[in-house]
Amino acid sequence: MARLPILALLSLVSAFLLATPAAAQDPNTTFRLAFDKAAKIGSKSKMDSLMRDNMDAGVFCILNTSELIANSPNDVLYERFEALSGSWKRCFESNFPSEMERFFARLDANQKRNRFTQKQKFDKVNREQIEAIAAKDKKALLRVADEYASLAKGFEEIGDQWMLGQCYIGVATSLEETYHGKKADFRRVADGYSRFVAIREALGVKDRTYKQSVPRLKSLEALGFGNGGGEAGGSGGGGAAAAPAGPKSTGEAVTAKLSFEAFKDVKDTQRPNYYLDEHRQIWPTVVLQGKGSTGKFARVTDSPTMTRAASSKVTIDGGGVDDTWPLRGKLEPVTFELGTGASKRRWAVLCDMGREVDYYQGITMNLGMTDTSLSLYFVPGGAMTGEVAGEKIEVIDDNIDGIYGSLPQRWPHFGMVKDAFQPEFDSIRVGGAKKAQPFSEYVNLGDAGWQKLEAVNGGVELKAQPFEFKTGTIQLKSKGLKPDYYVLKGIGQDLENTYIDVSGGKKVEVPIGRWELCFGLVRKGKKMQMMKAVILPTENMPVYDVLEGKNVVVETGSPFTFDYEYETSGSGVTVNGTSVRVVGVGGESYERIYGAVPIPEASVRKVGGERAVMTEKLKPALDQDGVQKHGWAALWKPLDKEIPAKVGDAEVQLMEKKNRLFGKITSDWK
């Protein structure tokens, strides 16, 4: 979404609100003195030129003069007001000056006192807003918005349309995306702008604040927000806040029965699943120990139990269609039965085991079974298939929770920065398409249009109901490295469980609204030489706003940079290896890098210096000794590195000249 320069807008709003010390020659005083001089010699052209070029100061002077006439009238004020009113009408063709004069003239003594008190409170809130913005205090801004809303009611009671509008713009700017990000309450933001704009238009004042607010309001309304109402305060504008322009049902829900179909191999790799390749060493695993030990599928609620009955025999209890787990050192299917009653269903995995000579992140490892350790590697081995609305569909339990058609779950893994989680999806293939899509609440089923999908009884059945959306398109443009998947997630109540893959470079139809990166996947190479990475959002990634009939371009890929953290001490600089991540031009972060773990050079210099005083290479663990010392996670990220550069205030740059997956990666100095 194109954002207003909110700080600039706030400064315009504040110009009308906070008094300037008398000694200062502020723009309003400068305008008044120049205008009085032009009026004294009767120069309409000069007065009109000043009014057109200094509309904001003209508005302030009209308001100030109108209020002074109501409180302490004299000939000088009357003459000034007459000149201001005439010039305003010639320049802007509205009755704003006379409207303000009538408002102040009809206030009785009690109303004047009330307005004075309200205005003092308003000025205080306005200062609090400015301070909260400077301090980036989100909670304070939320409180300020509520205070503006409360003040609006008081100004409305005395009919002060000007200050009522100032309250509404205060609400809107306090709640803006600039400060609250994706958690911004866009209904209230749009409502504040809507009421403010309506008042300005009724008064005939289209100043800079108005002109900056209108595009923002139109953008919000195009996304389905606005049209009055909400909690901005007061009743001006009326009505309840409009919900985003969401889906509309076009028919009754139909429930389709699905049937199980087993896979024979892992050749079907075009699904949003990180594991679908020959790197079985990092597949999901059931870990067994010695004879008699047991294990289950960690994410499956009613998982069967695998028991190591003997050194080379694993039995399956409580749901196994197959009685044993094959340990023949090759890829084989294993079928189970999950659930009871109406939810009873077949479920399968393709399984394998480690070898005595195996490879993990390029390092030779012994991953074969021993008397005390046995790892059972697996990937999804089956799907539920059927027909929905005339379209053949296939639903795959790719997040391996035992349910066909569950919404994504987020999990931590090796190779990701602290507090990062990877969404893992089920997949849905429509009409025999080569490429599957992430399973989602709303899915475009081709000729059957948009359907709302819901798994029933663990995925034995699939409920589908047709819906229609207003739509736009998103087009992914990637340079240097093209994602196999780039999945966006909808923002807001209607779209929060909708996930759409926009990879491929072509325009992809999506419902109008707000979208953000959820997950991506990039692969390069074949078989055991394949390199890959997961793509996840960073904190500062943009939100993509899709308007009806419009196309939004999303850029990813090169030039690539590094993000990282480091600490300085008396002995030098220590780069935190686990914090190092590759970031693309769109702000996307590449995590869980397999086969191409970055090995950057870290350079240190004094802040503002021209050249590095010391450079050291950051490396992950490079052998089994490194794994024993630092753990398996050390194979996925560089180890911490202390660089003994004693330069005082330091800054660091990371660079890798030619990464196998990304090519050149260079960070700025920071």
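The values are calculated or read from the model by the stated rules, or taken from the named source; none is laboratory data. Keep in mind that this is a model prediction, so the values were computed, not measured. Glycine gets a Cβ as well: all are built from the backbone with ideal geometry, and neighbour counts include every protein chain shown. Areas reflect the complete protein model, heavy atoms only, side chains present, ligands, DNA and RNA absent. Shrake-Rupley method; radii C 1.70, N 1.55, O 1.52, S 1.80 Å.
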- Using alpha carbons only, how many degrees (0 to 90, rounded to 10) separate the axis of helix 186-203 from the longest principal axis of the chain? 20 degrees
- Remind me, what semi-axes does region 258-361 give for its equivalent ellipsoid, largest first in whole Å, using sqrt of 5 times each Cα gyration tensor eigenvalue? 22, 20, 12
- Rh by Kirkwood over Cα pairs, then Stokes-Einstein D for the chain at 0.890 mPa s and 25 °C, µm²/s: 83 µm²/s
- With +1 on each Lys and Arg Cβ and -1 on each Asp and Glu Cβ, and nothing else charged, work out how big the dipole of the chain is about its Cα centre, in Debye to the nearest 20. 1240 debye
- Sequence ranges 387-394, 289-296, ranked by mean other-Cβ count within 10 angstrom, highest first: 387-394, 289-296
- Separation between Cα centres of region 340-401 and region 567-626, rounded to whole Å: 35 Å
- Message: Just to confirm the number: angle between the C-alpha axis of helix 6-15 and the first principal axis of the chain, 0 to 90 degrees, nearest 10?
- Response: 20 degrees
- Assuming a ≥ b ≥ c are the square roots of the Cα gyration tensor eigenvalues, decide whether region 104-216 counts as rounded (a/c under 1.5), prolate (otherwise, with a/b larger than b/c) or oblate. oblate
- Query: Can you give the accessible area per residue of the chain, in Å², using a 1.4 Å probe?
  - Reply: 46 Å²
- Item | Greater than 19 Å apart at Cα, pairs in LYS617/LYS670; LYS434/LYS489; LYS112/LYS211; LYS138/LYS183; LYS506/LYS550; LYS506/LYS526 | LYS434/LYS489; LYS112/LYS211; LYS506/LYS526
- Computed [θ] at 222 nm, helices only, for the chain once each DSSP H run of length n ≥ 4 contributes -39500 (n - 2.57): -9000 deg cm²/dmol
- Message: Bins of 5 Å, beginning at zero and ending with the bin holding the largest distance: percent of Cα pairs per bin for region 403-504, please.
- Response: 2, 10, 18, 23, 22, 14, 7, 3, 1
- Query: Can you pull the Kirkwood radius for region 525-621, inverse mean 1/r over Cα pairs, to one decimal in Å?
  - Reply: 16.3 Å
- Item | Most to least packed among 322-331, 559-568 [average Cβ atoms within 10 Å] | 559-568, 322-331
- Task: Report, to the nearest 10°, how far helix 55-71 tilts away from the longest principal axis of the Cα atoms in the chain, using its own Cα long axis and a range of 0 to 90°.
- Result: 50 degrees
- Message: Accessible area of region 517-632 with a 1.4 Å probe: how many percent of it is carbon plus sulfur?
- Response: 47 percent
- Task: Would you mind checking which residues have amide H under 5 Å from ASP26's amide H? H placed 1.01 Å from N; only 5 or more apart, or other chain.
- Result: none
- Kindly rank 151-159, 180-188 from highest to lowest mean number of other beta carbons found within 10 Å of each residue. 151-159, 180-188
